[in-house]
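The values are calculated or read from the model by the stated rules, or taken from the named source; none is laboratory data. Keep in mind that what you see is a predicted model, and the values were worked out from it rather than measured. Here Cβ is always computed from backbone atoms with ideal geometry, including for glycine, and neighbour counts include all displayed protein chains. Note: areas computed on protein heavy atoms with side chains; ligands, DNA, RNA excluded. Shrake-Rupley method; radii C 1.70, N 1.55, O 1.52, S 1.80 Å.
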Amino acid sequence: MAGQLFHVIDTQGFDRPLLDELCELTTRLRGIAKTQEGALALQQLLPHARAMLYFPQPSTRTFLSFNNACHVLGIRTSEIRDPATSSEVKGETFDDSLRTFSSYVDVIVMRTPEAGYAARAAALMDRIPRPVPIINAGSGKDQHPTQALLDVYTLERSFSLRGGIDGKVIGMMGDLKRGRTVRSLCSMMRNYRGVRLIFIAPEPFAMEPDIKAQLARHGIPFTETARLAEALPALDALYVTRMQTEWDTAGESRSMDYGQFSIHPGNLRQLKADAIIMHPLPRGPEIDPAVDNDPRAMYWRQERNGMWMRVAILLKIFRLEDRIFSLASEVLPAGPDPP
Ligand code: NCD
(Lines give C-alpha, C1' and ligand atoms only; values in the text may rest on other atoms or scores of the structure.)
Protein backbone atom coordinates (compact mmCIF):
# COMPACT_ATOMS: atom_id res chain seq x y z
CA MET A 1 0.00 0.00 0.00
CA ALA A 2 1.46 3.34 -1.07
CA GLY A 3 1.52 6.36 1.26
CA GLN A 4 -0.91 9.26 1.23
CA LEU A 5 -0.52 12.60 -0.56
CA PHE A 6 -1.42 16.03 0.77
CA HIS A 7 0.81 18.86 -0.50
CA VAL A 8 2.80 18.22 -3.71
CA ILE A 9 5.69 20.66 -3.46
CA ASP A 10 8.71 18.83 -4.83
CA THR A 11 9.73 15.23 -5.49
CA GLN A 12 10.23 14.39 -1.81
CA GLY A 13 7.92 11.68 -0.57
CA PHE A 14 7.50 10.10 -3.99
CA ASP A 15 8.79 6.60 -3.42
CA ARG A 16 8.50 3.65 -5.77
CA PRO A 17 5.22 2.24 -4.37
CA LEU A 18 3.57 5.67 -4.69
CA LEU A 19 4.90 6.20 -8.23
CA ASP A 20 3.76 2.73 -9.27
CA GLU A 21 0.33 3.32 -7.74
CA LEU A 22 -0.07 6.70 -9.50
CA CYS A 23 0.89 5.12 -12.84
CA GLU A 24 -1.57 2.27 -12.32
CA LEU A 25 -4.32 4.70 -11.29
CA THR A 26 -3.67 6.81 -14.38
CA THR A 27 -4.01 3.84 -16.71
CA ARG A 28 -7.15 2.59 -14.95
CA LEU A 29 -8.96 5.90 -15.00
CA ARG A 30 -8.11 6.53 -18.63
CA GLY A 31 -9.77 3.22 -19.36
CA ILE A 32 -12.83 4.16 -17.30
CA ALA A 33 -13.14 7.54 -19.04
CA LYS A 34 -13.37 5.91 -22.45
CA THR A 35 -17.06 5.09 -22.07
CA GLN A 36 -19.78 7.63 -21.37
CA GLU A 37 -20.88 5.61 -18.36
CA GLY A 38 -17.34 5.64 -17.00
CA ALA A 39 -16.81 9.36 -17.70
CA LEU A 40 -20.04 10.21 -15.86
CA ALA A 41 -19.04 7.98 -12.94
CA LEU A 42 -15.75 9.88 -12.67
CA GLN A 43 -17.62 13.21 -12.67
CA GLN A 44 -19.63 11.99 -9.69
CA LEU A 45 -16.54 11.50 -7.55
CA LEU A 46 -15.88 15.10 -6.48
CA PRO A 47 -18.78 17.37 -7.53
CA HIS A 48 -18.74 18.94 -4.05
CA ALA A 49 -15.07 19.98 -4.30
CA ARG A 50 -13.63 23.28 -5.51
CA ALA A 51 -10.15 24.07 -6.79
CA MET A 52 -8.22 27.32 -7.17
CA LEU A 53 -5.86 27.59 -10.11
CA TYR A 54 -3.43 30.37 -9.24
CA PHE A 55 -1.18 30.84 -12.26
CA PRO A 56 0.47 34.28 -12.27
CA GLN A 57 3.25 32.75 -14.43
CA PRO A 58 2.37 31.90 -18.05
CA SER A 59 1.15 28.39 -18.80
CA THR A 60 -0.78 26.58 -21.50
CA ARG A 61 -0.52 22.82 -20.88
CA THR A 62 -0.18 22.72 -17.12
CA PHE A 63 -3.06 25.15 -16.62
CA LEU A 64 -5.35 23.47 -19.15
CA SER A 65 -4.52 19.96 -18.04
CA PHE A 66 -5.17 20.75 -14.35
CA ASN A 67 -8.34 22.64 -15.25
CA ASN A 68 -9.62 19.73 -17.30
CA ALA A 69 -8.38 17.14 -14.79
CA CYS A 70 -10.57 18.89 -12.19
CA HIS A 71 -13.54 18.78 -14.56
CA VAL A 72 -13.02 15.07 -15.25
CA LEU A 73 -13.70 14.53 -11.54
CA GLY A 74 -16.55 17.07 -11.30
CA ILE A 75 -14.39 19.55 -9.32
CA ARG A 76 -15.37 23.17 -9.99
CA THR A 77 -12.53 25.60 -10.67
CA SER A 78 -11.70 29.27 -10.07
CA GLU A 79 -8.64 30.94 -11.50
CA ILE A 80 -6.33 33.91 -11.24
CA ARG A 81 -3.86 34.10 -14.09
CA ASP A 82 -3.14 37.81 -14.21
CA PRO A 83 -2.19 39.21 -10.79
CA ALA A 84 -3.23 42.68 -12.08
CA THR A 85 -6.82 41.49 -11.62
CA SER A 86 -6.33 40.48 -7.97
CA SER A 87 -5.85 42.38 -4.73
CA GLU A 88 -2.11 41.87 -5.10
CA VAL A 89 -2.19 45.24 -6.90
CA LYS A 90 -3.58 46.76 -3.68
CA GLY A 91 -0.56 45.41 -1.87
CA GLU A 92 -2.09 42.28 -0.38
CA THR A 93 0.66 39.93 0.69
CA PHE A 94 1.22 36.51 -0.84
CA ASP A 95 0.34 34.85 2.47
CA ASP A 96 -2.94 36.75 2.81
CA SER A 97 -3.88 35.99 -0.81
CA LEU A 98 -3.23 32.29 -0.30
CA ARG A 99 -5.15 32.23 2.96
CA THR A 100 -8.06 33.89 1.15
CA PHE A 101 -8.04 31.23 -1.58
CA SER A 102 -8.13 28.55 1.10
CA SER A 103 -11.34 30.09 2.51
CA TYR A 104 -13.21 29.18 -0.66
CA VAL A 105 -11.67 26.04 -2.10
CA ASP A 106 -10.47 22.55 -1.22
CA VAL A 107 -7.20 22.48 -3.18
CA ILE A 108 -4.87 25.14 -4.58
CA VAL A 109 -2.80 24.53 -7.73
CA MET A 110 -0.17 27.22 -8.20
CA ARG A 111 2.59 28.28 -10.56
CA THR A 112 4.89 31.17 -9.68
CA PRO A 113 8.01 32.70 -11.19
CA GLU A 114 9.66 32.46 -7.77
CA ALA A 115 11.27 29.30 -6.44
CA GLY A 116 10.08 28.31 -2.99
CA TYR A 117 6.62 29.91 -3.05
CA ALA A 118 4.72 26.64 -3.17
CA ALA A 119 6.71 25.48 -0.13
CA ARG A 120 5.90 28.76 1.59
CA ALA A 121 2.19 28.32 0.78
CA ALA A 122 2.27 24.78 2.18
CA ALA A 123 3.97 25.98 5.37
CA LEU A 124 1.28 28.66 5.71
CA MET A 125 -1.47 26.06 5.27
CA ASP A 126 0.06 23.96 8.00
CA ARG A 127 -0.35 26.91 10.42
CA ILE A 128 -4.00 27.79 9.74
CA PRO A 129 -7.18 26.14 11.03
CA ARG A 130 -8.49 24.98 7.61
CA PRO A 131 -5.48 23.94 5.59
CA VAL A 132 -5.98 22.87 1.99
CA PRO A 133 -3.49 20.93 -0.13
CA ILE A 134 -1.06 22.92 -2.27
CA ILE A 135 0.05 21.51 -5.61
CA ASN A 136 3.16 23.04 -7.14
CA ALA A 137 2.55 23.46 -10.89
CA GLY A 138 6.00 24.97 -11.44
CA SER A 139 8.09 27.12 -9.09
CA GLY A 140 10.69 29.36 -10.71
CA LYS A 141 13.71 27.55 -12.10
CA ASP A 142 13.52 25.01 -9.34
CA GLN A 143 10.77 22.39 -9.37
CA HIS A 144 7.91 21.04 -11.46
CA PRO A 145 6.93 17.84 -9.66
CA THR A 146 3.68 17.07 -11.51
CA GLN A 147 5.50 17.34 -14.85
CA ALA A 148 8.02 14.82 -13.51
CA LEU A 149 5.13 12.50 -12.60
CA LEU A 150 3.64 12.63 -16.08
CA ASP A 151 7.12 12.13 -17.50
CA VAL A 152 7.63 9.07 -15.30
CA TYR A 153 4.26 7.75 -16.50
CA THR A 154 5.17 8.34 -20.15
CA LEU A 155 8.51 6.58 -19.71
CA GLU A 156 7.01 3.64 -17.81
CA ARG A 157 4.26 3.20 -20.39
CA SER A 158 6.59 3.52 -23.36
CA PHE A 159 8.86 0.85 -21.89
CA SER A 160 6.07 -1.34 -20.50
CA LEU A 161 7.13 -4.30 -22.63
CA ARG A 162 10.81 -3.77 -21.81
CA GLY A 163 10.85 -3.71 -18.00
CA GLY A 164 9.81 -0.07 -17.49
CA ILE A 165 12.25 2.68 -16.56
CA ASP A 166 14.63 0.33 -14.70
CA GLY A 167 17.89 -0.14 -16.58
CA LYS A 168 17.25 2.53 -19.21
CA VAL A 169 19.66 5.15 -20.54
CA ILE A 170 18.02 8.57 -20.52
CA GLY A 171 19.53 11.62 -22.22
CA MET A 172 18.45 15.10 -21.14
CA MET A 173 19.26 17.86 -23.56
CA GLY A 174 19.06 21.64 -23.65
CA ASP A 175 18.96 24.28 -20.93
CA LEU A 176 19.48 21.94 -17.99
CA LYS A 177 20.60 24.75 -15.71
CA ARG A 178 17.36 26.71 -15.76
CA GLY A 179 14.86 24.01 -16.71
CA ARG A 180 12.74 22.92 -13.73
CA THR A 181 11.30 19.88 -15.54
CA VAL A 182 14.63 18.10 -15.91
CA ARG A 183 15.59 18.94 -12.34
CA SER A 184 12.43 17.32 -10.96
CA LEU A 185 12.67 14.35 -13.32
CA CYS A 186 16.30 13.70 -12.27
CA SER A 187 15.22 13.61 -8.61
CA MET A 188 12.48 11.07 -9.37
CA MET A 189 15.06 8.76 -10.99
CA ARG A 190 16.34 7.78 -7.52
CA ASN A 191 13.40 5.36 -7.43
CA TYR A 192 14.54 3.28 -10.40
CA ARG A 193 17.21 0.64 -10.61
CA GLY A 194 20.04 0.64 -13.10
CA VAL A 195 19.11 3.95 -14.74
CA ARG A 196 21.93 5.90 -16.39
CA LEU A 197 21.63 9.59 -17.30
CA ILE A 198 23.46 11.52 -19.99
CA PHE A 199 23.30 15.32 -19.76
CA ILE A 200 23.68 16.95 -23.15
CA ALA A 201 24.13 20.70 -22.84
CA PRO A 202 26.46 23.54 -23.66
CA GLU A 203 28.72 24.22 -20.70
CA PRO A 204 27.00 27.48 -19.60
CA PHE A 205 23.67 25.61 -19.35
CA ALA A 206 24.93 22.46 -17.63
CA MET A 207 22.96 20.72 -14.89
CA GLU A 208 23.39 22.43 -11.51
CA PRO A 209 25.61 20.87 -8.81
CA ASP A 210 22.74 20.33 -6.34
CA ILE A 211 21.03 17.83 -8.65
CA LYS A 212 24.32 16.13 -9.51
CA ALA A 213 25.07 15.75 -5.79
CA GLN A 214 21.61 14.24 -5.26
CA LEU A 215 22.19 11.73 -8.06
CA ALA A 216 25.58 10.84 -6.62
CA ARG A 217 24.03 10.31 -3.17
CA HIS A 218 21.54 7.87 -4.66
CA GLY A 219 24.15 6.08 -6.75
CA ILE A 220 22.66 7.10 -10.11
CA PRO A 221 25.46 7.32 -12.68
CA PHE A 222 25.50 10.29 -15.04
CA THR A 223 27.83 11.68 -17.66
CA GLU A 224 27.93 15.08 -19.34
CA THR A 225 28.64 15.94 -22.94
CA ALA A 226 28.23 18.83 -25.32
CA ARG A 227 28.00 16.47 -28.30
CA LEU A 228 24.58 15.00 -29.03
CA ALA A 229 25.99 12.80 -31.79
CA GLU A 230 28.16 10.95 -29.23
CA ALA A 231 25.23 10.28 -26.91
CA LEU A 232 22.41 9.52 -29.36
CA PRO A 233 23.14 5.86 -30.22
CA ALA A 234 23.16 4.82 -26.53
CA LEU A 235 19.83 6.37 -25.58
CA ASP A 236 16.54 4.67 -24.76
CA ALA A 237 14.93 8.08 -24.22
CA LEU A 238 15.96 11.57 -25.26
CA TYR A 239 14.28 14.25 -23.13
CA VAL A 240 14.63 17.53 -25.03
CA THR A 241 14.09 20.95 -23.43
CA ARG A 242 13.96 24.49 -24.76
CA MET A 243 16.20 27.41 -23.86
CA GLN A 244 14.59 29.16 -20.90
CA THR A 245 15.08 32.58 -22.48
CA GLU A 246 12.79 34.30 -19.98
CA TRP A 247 15.57 34.02 -17.37
CA ASP A 248 18.22 35.75 -19.53
CA THR A 249 19.79 38.79 -17.95
CA ALA A 250 22.23 39.63 -20.77
CA GLY A 251 21.08 37.60 -23.77
CA GLU A 252 22.83 34.41 -22.57
CA SER A 253 20.56 32.26 -24.74
CA ARG A 254 22.05 33.76 -27.86
CA SER A 255 25.13 31.60 -27.30
CA MET A 256 23.03 28.46 -27.92
CA ASP A 257 24.03 26.65 -31.09
CA TYR A 258 20.88 24.73 -32.00
CA GLY A 259 22.78 22.86 -34.66
CA GLN A 260 24.46 21.00 -31.80
CA PHE A 261 21.45 20.61 -29.51
CA SER A 262 18.48 19.78 -31.68
CA ILE A 263 16.87 16.72 -33.15
CA HIS A 264 15.88 16.64 -36.81
CA PRO A 265 15.44 14.09 -39.60
CA GLY A 266 19.20 14.29 -40.25
CA ASN A 267 20.30 12.92 -36.87
CA LEU A 268 17.20 10.86 -36.09
CA ARG A 269 18.67 7.78 -37.73
CA GLN A 270 21.36 7.62 -35.04
CA LEU A 271 18.67 7.01 -32.44
CA LYS A 272 17.71 3.39 -31.65
CA ALA A 273 14.59 2.14 -33.42
CA ASP A 274 12.78 1.60 -30.10
CA ALA A 275 13.96 4.78 -28.35
CA ILE A 276 11.56 7.62 -27.53
CA ILE A 277 11.79 11.40 -27.81
CA MET A 278 10.15 13.47 -25.11
CA HIS A 279 9.74 17.21 -24.51
CA PRO A 280 7.71 18.99 -21.80
CA LEU A 281 6.71 21.59 -24.43
CA PRO A 282 6.47 24.34 -25.53
CA ARG A 283 9.23 23.68 -28.03
CA GLY A 284 11.53 26.05 -29.82
CA PRO A 285 13.87 25.12 -32.67
CA GLU A 286 15.28 22.15 -30.70
CA ILE A 287 12.82 19.69 -32.27
CA ASP A 288 12.18 20.01 -35.99
CA PRO A 289 8.41 19.63 -36.61
CA ALA A 290 9.36 17.04 -39.26
CA VAL A 291 10.21 14.72 -36.32
CA ASP A 292 6.54 14.75 -35.22
CA ASN A 293 5.65 12.01 -37.69
CA ASP A 294 8.35 9.66 -36.45
CA PRO A 295 6.90 6.86 -34.28
CA ARG A 296 9.56 7.61 -31.65
CA ALA A 297 8.19 11.14 -31.09
CA MET A 298 6.34 10.80 -27.79
CA TYR A 299 5.79 14.44 -26.80
CA TRP A 300 2.19 14.81 -27.96
CA ARG A 301 1.24 11.62 -26.16
CA GLN A 302 3.24 12.86 -23.15
CA GLU A 303 1.14 16.04 -23.21
CA ARG A 304 -2.11 14.02 -23.20
CA ASN A 305 -0.79 11.81 -20.42
CA GLY A 306 -0.41 14.99 -18.37
CA MET A 307 -4.12 15.49 -17.86
CA TRP A 308 -4.68 11.87 -16.78
CA MET A 309 -1.76 11.84 -14.38
CA ARG A 310 -3.13 15.05 -12.84
CA VAL A 311 -6.52 13.38 -12.40
CA ALA A 312 -4.68 10.57 -10.58
CA ILE A 313 -2.86 13.08 -8.36
CA LEU A 314 -6.15 14.77 -7.41
CA LEU A 315 -7.76 11.39 -6.69
CA LYS A 316 -4.90 10.43 -4.46
CA ILE A 317 -5.03 13.76 -2.58
CA PHE A 318 -8.78 13.31 -2.02
CA ARG A 319 -8.16 9.66 -1.03
CA LEU A 320 -10.43 8.21 -3.68
CA GLU A 321 -7.96 5.82 -5.25
CA ASP A 322 -9.87 2.75 -4.05
CA ARG A 323 -12.99 3.99 -5.87
CA ILE A 324 -11.07 3.84 -9.14
CA PHE A 325 -10.01 0.27 -8.61
CA SER A 326 -13.61 -0.73 -7.86
CA LEU A 327 -15.05 1.41 -10.69
CA ALA A 328 -12.61 -0.21 -13.09
CA SER A 329 -14.19 -3.60 -12.39
CA GLU A 330 -17.78 -2.18 -12.53
CA VAL A 331 -17.68 -0.24 -15.80
CA LEU A 332 -14.77 -1.74 -17.71
CA PRO A 333 -15.20 -4.83 -19.82
CA ALA A 334 -12.38 -7.28 -19.13
CA GLY A 335 -9.68 -6.83 -21.72
CA PRO A 336 -6.29 -5.31 -22.39
CA ASP A 337 -5.23 -1.85 -21.15
CA PRO A 338 -6.13 1.08 -23.39
CA PRO A 339 -3.32 2.09 -25.75
C1 NCD B 1 7.58 23.56 -18.76
C2 NCD B 1 7.65 24.58 -17.66
O3 NCD B 1 6.77 25.43 -17.51
O4 NCD B 1 8.61 24.49 -16.91
N5 NCD B 1 6.36 23.58 -19.45
C6 NCD B 1 5.36 22.76 -19.00
O7 NCD B 1 4.89 22.89 -17.88
N8 NCD B 1 4.95 21.78 -19.81
C9 NCD B 1 8.73 23.59 -19.68
C10 NCD B 1 9.12 24.89 -20.32
O11 NCD B 1 8.42 25.90 -20.21
O12 NCD B 1 10.16 24.88 -20.97
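Could you tell me whether segment 33-41 includes any residue that is among the β-branched types (Val, Ile, Thr), assigned to a helix (DSSP H, G or I) and touching a residue at least 60 places away in the same chain (Cβ under 8 Å)? No - not one qualifying residue is present in segment 33-41.
For every residue, the table says whether it meets (1) away from the ligand (no atom under 16 Å from the Cβ); (2) in contact with a Lys or Arg (Cβ under 6 Å, 6 or more places away or on another chain); (3) more than 21 Å from residue 131 (Cα to Cα).
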{"position": "7", "(1), (2), (3)": "yes, no, no"}
{"position": "15", "(1), (2), (3)": "yes, no, yes"}
{"position": "33", "(1), (2), (3)": "yes, no, yes"}
{"position": "41", "(1), (2), (3)": "yes, no, yes"}
{"position": "48", "(1), (2), (3)": "yes, no, no"}
{"position": "63", "(1), (2), (3)": "no, no, yes"}
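No other residue among 110, 172 is farther than 22 Å from residue 313 by Cα, in contact (Cβ under 8 Å) with a residue 40 or more places away in the chain and part of a strand (DSSP E or B) apart from 172. Remark: residue 137 matches the filter, which requires a residue to be open to solvent by less than 40 Å² (accessible area, probe 1.4 Å), under 24 Å from residue 281 (Cβ atoms), within 13 Å of the ligand (Cβ to nearest atom) and not in a helix (DSSP H, G or I).
Cβ-Cβ contacts under 7 Å between residues 6 or more apart (or on different chains), taken from a first residue in segment 206-231 that is among the acidic types (Asp, Glu) to a second residue that is open to solvent by 30 Å² or more (accessible area, probe 1.4 Å), are listed as 208/177.
Looking only at segment 60-91, residues that are in a loop (DSSP other than H, G, I, E, B) and at pLDDT 95 or above come to 5 in all.
Take residue 197 and decide whether it is under 14 Å from residue 155 (Cβ atoms), open to solvent by less than 30 Å² (accessible area, probe 1.4 Å) and at pLDDT 95 or above. If you could, list the steps in order and put the result at the bottom.
Details: under 14 Å from residue 155 (Cβ atoms): yes; open to solvent by less than 30 Å² (accessible area, probe 1.4 Å): yes; at pLDDT 95 or above: yes.
Yes: the conditions hold for residue 197.
All of (1) more than 16 Å from the ligand (Cβ to nearest atom); (2) closer than 19 Å to residue 150 by Cβ hold for residue 271 with one exception: (2).
Considering only residues of segment 274-289 that are surrounded by 13 or more Cβ atoms within 10 Å (Cβ to Cβ) and free of Cβ contacts under 8 Å to residues at least 60 places away in the same chain, which is farthest from the ligand (Cβ to nearest atom)? Walk me through it before giving the result.
Going through segment 274-289, the residues surrounded by 13 or more Cβ atoms within 10 Å (Cβ to Cβ) turn out to be 275-281, 283-288.
Okay, now just the ones that are also free of Cβ contacts under 8 Å to residues at least 60 places away in the same chain, so 275, 277, 279, 283-285, 287-288.
Values: 275: 21, 277: 15, 279: 8, 283: 8, 284: 9, 285: 13, 287: 12, 288: 17 Å.
By that ranking, first place goes to 275.
In this structure, is residue 304 of a type outside the set (S, T, N, Q), touching a strand residue (DSSP E or B) at 6+ places or on another chain (Cβ under 9 Å) and closer than 27 Å to residue 175 by Cβ? So that I can check it myself, show each step before the final result.
Values: of a type outside the set (S, T, N, Q): yes; touching a strand residue (DSSP E or B) at 6+ places or on another chain (Cβ under 9 Å): no; closer than 27 Å to residue 175 by Cβ: yes.
Taking the combined requirement at face value, the residue does not satisfy it.
Against the numbered list (1) more than 20 Å from residue 150 (Cα to Cα); (2) more than 16 Å from the ligand (Cβ to nearest atom), residue 81 comes up short only at (2).
Each row is one residue, and each column tells you yes or no for (1) within 16 Å of the ligand (Cβ to nearest atom); (2) under 12 Å from residue 200 (Cα atoms); (3) in a loop (DSSP other than H, G, I, E, B); (4) open to solvent by less than 40 Å² (accessible area, probe 1.4 Å).
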position	(1), (2), (3), (4)
232	no, yes, no, yes
243	yes, no, yes, yes
249	no, no, yes, no
254	no, no, no, no
257	no, no, yes, no
260	no, yes, yes, no
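In the set 99, 157, only one residue is more than 23 Å from the chain's Cα centre (by Cα), at pLDDT 95 or above, of a type in the set (Lys, Arg) and more than 16 Å from the ligand (Cβ to nearest atom); that residue is 99.
When segment 59-104 is examined, which residues are found to be in contact with a strand residue (DSSP E or B) (Cβ under 6 Å, 6 or more places away or on another chain) and open to solvent by less than 40 Å² (accessible area, probe 1.4 Å)? I'd like the intermediate steps shown before the answer.
Our first condition is that a residue be in contact with a strand residue (DSSP E or B) (Cβ under 6 Å, 6 or more places away or on another chain); within segment 59-104, this holds for 59, 62, 66-67, 70, 75-80, 86, 101.
Once the filter is applied, which keeps residues that are in contact with a strand residue (DSSP E or B) (Cβ under 6 Å, 6 or more places away or on another chain) and open to solvent by less than 40 Å² (accessible area, probe 1.4 Å), segment 59-104 yields 59, 62, 66, 67, 70, 75, 80, 86, 101.
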